[in-house]
1. Which residues, counting only those in the range 183-208, are farther than 28 Å from Pro163 by Cβ and charged (D, E, K, R)?
2. May I ask you to say which residue of Arg201, Arg218, Arg176 is under 28 Å from Leu254 (Cα atoms), open to solvent by 30 Å² or more (accessible area, probe 1.4 Å) and within 16 Å of ligand 2 (Cβ to nearest atom)?
3. For the range 35-47, which positions are within 30 Å of Leu69 (Cα to Cα) and loosely packed, with under 12 Cβ neighbours inside 10 Å?
4. So if I check each of Val61, Val72, Val119, which one is aliphatic (A, V, I, L, M), modelled with pLDDT of 95 or more and over 23 Å from Leu185 (Cα atoms)?
5. Whether any residue in the range 95-106 is within 19 Å of Ser293 (Cα to Cα) and aliphatic (A, V, I, L, M) is what I want to check.
6. Looking at Pro163, is it under 26 Å from Lys263 (Cα atoms), within 16 Å of ligand 1 (Cβ to nearest atom) and at pLDDT 95 or above?
7. State whether the residues of the range 101-110 include one that is in contact with a His (Cβ under 6 Å, 6 or more places away or on another chain), within 16 Å of ligand 2 (Cβ to nearest atom) and not hydrophobic (A, V, I, L, M, F, W, C).
8. Would you check which residues across the range 35-47 are touching a Gly at 6+ places or on another chain (Cβ under 9 Å) and outside any loop (DSSP other than H, G, I, E, B) and list them?
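The values are calculated or read from the model by the stated rules, or taken from the named source; none is laboratory data. Since the structure is predicted, the reported quantities are computational estimates derived from the model, not experimental observations. Note that each Cβ is placed from the backbone with ideal geometry, even for glycine, and that neighbours are counted across all protein chains shown. For accessibility, only protein heavy atoms count, side chains too; no ligands or nucleic acids. Shrake-Rupley method; radii C 1.70, N 1.55, O 1.52, S 1.80 Å.
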Amino acid sequence: MKKNISIIGVPMDLGQMRRGVDMGPSAIRYAGVVERLERLHYDIDDLGDIEITRPKRGAIVGEENLKNLRDVSEASEKLAAKVDEVIKNGRFPLVLGGDHSIALGSLAGIAKHYQNLGVIWYDAHGDLNTAETSPSGNIHGMPLAASLGIGHKALTHIAGYSPKIKPENIVIIGARALDDGEKELIKEIGIKVYTMHEIDRLGMATVMEETIAYLKERTDGVHLSLDLDGLDPHDAPGVGTPVLGGISYRESHLAMEMLEEAKIITSAEFVEVNPILDDKNKTASVAVALMGSLFGEKLL
Ligand SMILES: NC(=[NH2+])NCCC[C@H](N)C(=O)O
Ligand SMILES: [Mn+2]
Ligand SMILES: [Mn+2]
């Protein structure tokens, strides 16, 4: 992994309806992300936060079943430009959310630098909805579909191109809450998914061995999009859409350690940390601990 990391905060909460996730980047900074990675001898450049335009009080401006569409798409453009610049400077982009809609901007900025960008979507959810299938109208449930080129043009064409990624280059890990439309789409276009059932059955070590082997042979870079709700709410309570029966803290560390050993990750984002819903900043601390493992922290 590159020894130079640029941190980008995205105080975005418009992709869903629970307030507080916009404070995720500061919670993660207070949990010591910069110090933690500097200890591993990385050159860290904290670029601060992307500016998010706030909608007028009470107004949920958007199209049918696409809440805050304009503001989310505008913020995604800004993030895409920032991430693009970081990669052009030869540095590793580490994006701090913010709700998962920010993946629209991250992937838009990253994908143009690769022929076959791989994506690990570590999440309880598929985030494969469109306005037609979404039960909520929340855009944080749509970024993976939009990045595949499926959905509203204001989401699929961030940075002026589409699609960003191909279905066969994606691995979803930790799924346990998929909407009907998402299940259909997964089958239709063929996305590799390790649900909690497979994680229980095979164990995380095998899941990660298979994931790494699969992505290694077909991709030229891998983006890790880690939604903290992929973890069990016991270990990561500060998230807006918790789902019981998730990946444990230990399993998650193992996953990060195996990714580090494999040296396949070329960009990453940690999303959905909501300090208002958290227990003494536990979830932000878990995020930082997982970053420690992802970037090479060893016990001995
Ligand atoms: N990034 C997330 N936490 N997404 C949750 C999405 C929940 C649900 N599938 C929806 O579309 O509303
Ligand atoms: Mn999720
Ligand atoms: Mn998600």
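1. If the condition is that a residue be farther than 28 Å from Pro163 by Cβ and charged (D, E, K, R), then Asp200, Arg201 are the ones that fit.
2. Matching residue, one of Arg201, Arg218, Arg176: Arg176.
3. Of everything in the range 35-47, nothing turns out to be within 30 Å of Leu69 (Cα to Cα) and loosely packed, with under 12 Cβ neighbours inside 10 Å.
4. Criteria check complete, one pass: Val72.
5. Scanning the range 95-106 turns up at least one residue that is within 19 Å of Ser293 (Cα to Cα) and aliphatic (A, V, I, L, M).
6. So Pro163 does not fit the description; no.
7. For the range 101-110, residues in contact with a His (Cβ under 6 Å, 6 or more places away or on another chain), within 16 Å of ligand 2 (Cβ to nearest atom) and not hydrophobic (A, V, I, L, M, F, W, C): present.
8. Arg36, Leu37, Asp46, Leu47
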